[in-house]
Amino acid sequence: MSKEATVYVLDLGSTMGDCHSGRVETDLEYAMRYVYDKMADSLAVGRVGLNTGVVAFRTDETDNPLGDDEGYANISVLQQLVPMTMAQFNDLRTKITPSETEGGDAISAIIVAMDMIEKKTTLKTGKPGKWARKIILMTDGQGSIEDDHLEDIVTRIKEMGVELTVLGVDFDDLEFGFKEEDKSSVKKENEALLRKFTEDCDGLYGTALQAIKDLAIPKVKEFRPYSMYTGRLCLGNPETNPDESIYINVKRFSQTKIARPVAAKSYVMRSGGEASTQSSYTLPGDVEMTDAPTEFSAVKQGRSYTIKDPSDALGKRDVDFEDLARGYEYGRTAVHISQSEENVTSLNALRDFSILGFIPIDKYEKYFTMGESCMTIAQTVDDKSRLAFSSLVHALYELESYAIARIVVKDMKDPRIVLLAPYIENHMEGLIDVPLPFAEDVRMFRFPPLDRVISASGTALEKHRYLPSNNLDSAMSDYVDSMDLSTFGMDDEGNPAEYMEVDDTFSPIVHRINQAIRQKAIYDGDISEPAEILTKWSEPPTELVTINASKLESLIAAADVKKVPPKVKGKRNRREIITPLSGLDVDALLKGNKPKKISKENAIAEFKQILEDAESDNAVLNAVNQMSDIIRDLIKGSTGDSDFDRAQENIKVLREEMVDYEFPGYYNNFFKDLRKRLMKGELGGRRQEFWVNLKKARLGLIDNTALPTSDVSPEEATEFWLLSTELPTRGREN
């Protein structure tokens with residue numbers, strides 16, 4: 001049903017202001033956790049047909065349509081049945097406070113809620129409309145409840161099709177495993193009365209503790225399947241070769257949809273008293289958002305296009321979007337393609353659904369299955385198509401095969417290749433399809449084998465430090481088998497079952513964002529930690545890890561795993577010799593391969609290698625001079641800004657290494673010389689953009705705050721950027 005009317009019947013008696021069962025919050029605050037969460041769900045959906053009303057009993061005042069009749073005192077309608085907005089929600093929260101009275105009957109409040117639903121959902125003809133009708137009663141069972149005419153009320157609730165839910169604060173629920181001790185006699189009688197009343201109405205009865213605990217379980221959104229294709233499913237080509245082709249009239253529906261997190265929108269503080277806001281998306285007209293916060297206004301986006309025009313006073317002028325031509329970037333050049341020529345690039349595909357071939361199930365790679373799935377069934381009014389379609393489905397099922405099909409859902413749409421899998425269940429026959437990637441979508445990467453090592457001569461080595469030993473294979477196999485989750489769980493009867501079932505796993509990013517938004521909207525405070533059900537699967541079960549701790553220790557010993565020492569922060573002595581845990585002298589092995597001269601193609605790696613092997617200050621200075629020459633060559637030989645990024649990265653590495661090796665003077669001398677050459681235009685002209693990029697990246701002089709041995713103060717380092725460099729600036733001259 002697209003329309004829904006839900007009325008919350010809330011107990012606001014004075015006893016709801018007390019604290020019980022060791023809670024630090026009142027019973028009313030505790031109960032409203034569930035109610036507010038449900039109201040927040042209605043706000044998030046934002047459907048016009050989703051109506052919410054609130055009736056309170058045991059209130060200080062009487063404000064309801066039946067208030068003049070006997071038995072309806074101390075009952076107030078706090079909100080009529082209307083689509084709830086954020087403003088109404090905030091106003092409602094101010095009204096929900098414990099009263100100072102004990103008068104007011106819960107059953108009478110339900111009758112008031114039924115009257116509200118009947119008036120809202122009855123058509124002008126007097127017949128009931130197609131609505132989902134719900135009443136949710138939340139009480140602590142401490143007030144007096146009249147049991148007169150309960151049979152007539154039950155009959156009327158069933159006639160109206162109202163779904164009644166009764167939740168009690170600290171109500172006994174043996175199935176859930178909760179029982180309140182030292183319960184008053186009044187509450188015992190009320191619990192028994194409400195339980196029988198709810199069961200007679202075929203409703204739901206339970207304790208608020210279970211309802212609040214279940215709030216942490218994410219709510220999976222179910223969508224209504226919609227038609228994706230209606231037409232022929234062809235095998236062969238009936239138009240060109242009708243004798244060797246068949247076609248079946250089918251319908252294709254959506255089966256699954258990808259759940260995505262809520263998209264954020266941009267808002268700013270209101271500058272005036274506008275009555276409406278505009279969506280942050282660019283729309284052709286104004287969009288009114290009736291439940292947007294009054295103190296905020298959505299950001300209005302706009303675009304303008306300008307071109308260079310020497311004849312204009314500003315050197316540029318605005319142009320309309322319609323006057324622009326589409327251009328494609330080809331290297332550093334913009335290539336224009338007219339709209340008529342661009343049509344050549346599009347495929348004029350016609351509406352089609354045809355089978356291209358078949359593939360055995362065991363030959364299909366499972367990782368190809370990506371995307372949303374759809375269900376194809378035969379036309380229900382075409383007996384011939386139903387028979388042919390059933391034969392196709394059963395043939396695929398019995399031969400353990402899939403079909404590969406090409407589908408174009410509408411003329412001029414891009415074709416897609418889908419996999420058709422047979423589905424036979426619950427007296428239903430169909431083909432479930434998922435999109436397949438094209439050849440260009442698959443990236444094949446070749447990696448060296450893990451089970452063998454090939455020497456330079458082509459011989460396969462049986463023993464190598466990269467190959468696992470028999471002890472390691474055995475220890476790993478035992479540990480993997482012991483951490484099996486397929487039988488670690490337990491079903492309702494106590495038998496071993498799957499520990500991590502698919503239906504119990506949820507997308508953390510989707511549901512965590514939903515929980516955070518809902519919590520922020522209700523309480524406007526700090527967001528609490530994520531629900532346990534969202535983090536449960538991020539770690540293996542503690543009990544299972546504890547049981548198999550010995551197997552893990554055996555695996556660590558067999559693999560000879562050693563702890564990597566933490567990286568020492570601070571200044572590194574360039575002459576410090578770091579001994580690896582393995583005892584292997586890597587430097588000695590690579591000493592003959594270390595470069596003596598830095599190349600432009602691999603400057604950073606070779607620069608670091610020379611520094612690591614440097615035995616004197618002159619060797620460090622020689623490496624810095626080579627790196628400086630390479631940086632200047634990159635800047636000078638750059639076409640436009642093509643090599644600016646490489647030069648800037650080299651400068652960054654040079655600065656970091658000089659700080660690490662405590663040679664600030666070498667870098668500062670290089671940087672001062674670089675500025676001087678840029679000022680004189682010796683590096684291919686005035687490279688003012690490159691200078692600006694260096695300033696943004698904070699690659700200036702090394703001052704004594706970065707390295708105490710530097711003779712440059714922070715003020716001098718700052719003034720280095722501000723001094724007149726004779727470089728052209730984009731600012732206005734003073």
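Structure summary
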item: Burial ordering of Thr62, Thr26, fewest other beta-carbon atoms within 10 Å first; result: Thr62, Thr26
item: Tail fraction, Cα-Cα pairs, region 42-110, threshold 17 Å, whole percent; result: 46 percent
item: Separation in nanometres of the label points that stand 7 Å from Cα toward Cβ, at Asp214 and Arg23; result: 1.7 nm
item: GluC sites (Glu not before Pro) within region 604-647, DSSP loop, no more than 10 other Cβ atoms inside 10 Å; result: Glu615
item: Packing rank of 653-660, 172-179, 514-521, 262-269, where each peptide gets the mean count of other beta carbons within 10 Å, highest leading; result: 653-660, 514-521, 172-179, 262-269
item: Within the chain: Cβ-based charge dipole about Cα centre, in debye rounded to nearest 20 (Lys, Arg +1; Asp, Glu -1); result: 4400 debye
item: Segment Ser391-Tyr364, length gained on full extension (0.36 nm per residue, minus Cα span); result: 7.5 nm
item: Sequence ranges 704-711, 317-324, ranked by mean other-Cβ count within 10 angstrom, highest first; result: 704-711, 317-324
item: Tilt relative to the chain, helix 86-95 - C-alpha long axis, 0 to 90 degrees, to 10; result: 60 degrees
item: Helix 470-482 axis, angle to the chain major axis (alpha carbon atoms, nearest 10°); result: 20 degrees
item: Inter-part distance where region 343-381 and region 54-129 are each reduced to a Cα centre, Å; result: 54 Å
item: Extension gain from Met679 to Ser457, taking 0.36 nm per residue of separation minus the Cα-Cα distance; result: 74.2 nm
item: Principal-axis tilt of helix 664-680 within the chain, Cα atoms, nearest 10 degrees; result: 80 degrees
item: Kirkwood Rh and Cα Rg combined as Rg over Rh, evaluated for the chain; result: 1.05
item: Two-site label geometry, His336 and Ser144: point separation in nm, points 7 Å out along Cα→Cβ; result: 9.0 nm
item: Gain upon complete extension [Leu347, Lys696; 0.36 nm per residue less C-alpha separation]; result: 121.0 nm
item: Positive-end residue of Leu461, Thr165, Ala516, charge dipole of the chain with Cβ unit charges; result: Leu461
item: Asp115 paired with Val480, simple spin-label distance in nm, labels 7 Å along Cα-to-beta-carbon; result: 7.0 nm
item: Share, in percent, of DSSP beta bridges within the chain that are antiparallel, nearest 5; result: 65 percent
item: Pairwise FRET efficiency - Ile417 versus Thr240, Cβ, R0 = 25 Å, nearest 0.05; result: 0.75
item: Calculated FRET efficiency for the pair Met490/Ala559, C-beta based, R₀ 22 Å, to 0.05; result: 0.10
item: When region 4-216 is reduced to its Cα atoms, the Kirkwood hydrodynamic radius in Å; result: 17.4 Å
item: Radius of gyration, Dmax [region 586-722; alpha carbons; angstrom]; result: 15.3, 49
item: Out-of-range pairs (alpha-carbon distance over 25 Å; input Lys221/Lys265; Lys38/Lys183; Lys119/Lys219; Lys251/Lys413; Lys3/Lys158); result: Lys38/Lys183; Lys119/Lys219
item: Point-charge dipole on Cβ atoms (K/R +1, D/E -1) for region 4-216, about Cα centre, debye to 20; result: 1220 debye
item: Sequence of His149, His336 once ranked by neighbouring C-beta atoms within 10 Å, starting from the fewest; result: His336, His149
item: Value in Å of the Kirkwood radius, where region 354-438 supplies the Cα pairs that are averaged; result: 13.6 Å
item: Computed E for Ser469/Arg446 - FRET, C-beta separation, R0 30 angstrom, nearest 0.05; result: 0.70
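We did not get these values from a lab; they are worked out from the coordinates using the rules stated. Just so it is clear, the model here is predicted, and its values are computed rather than measured. Quick reminder, even Gly has a Cβ in these numbers, built from the backbone with ideal geometry, and neighbours come from all protein chains shown.
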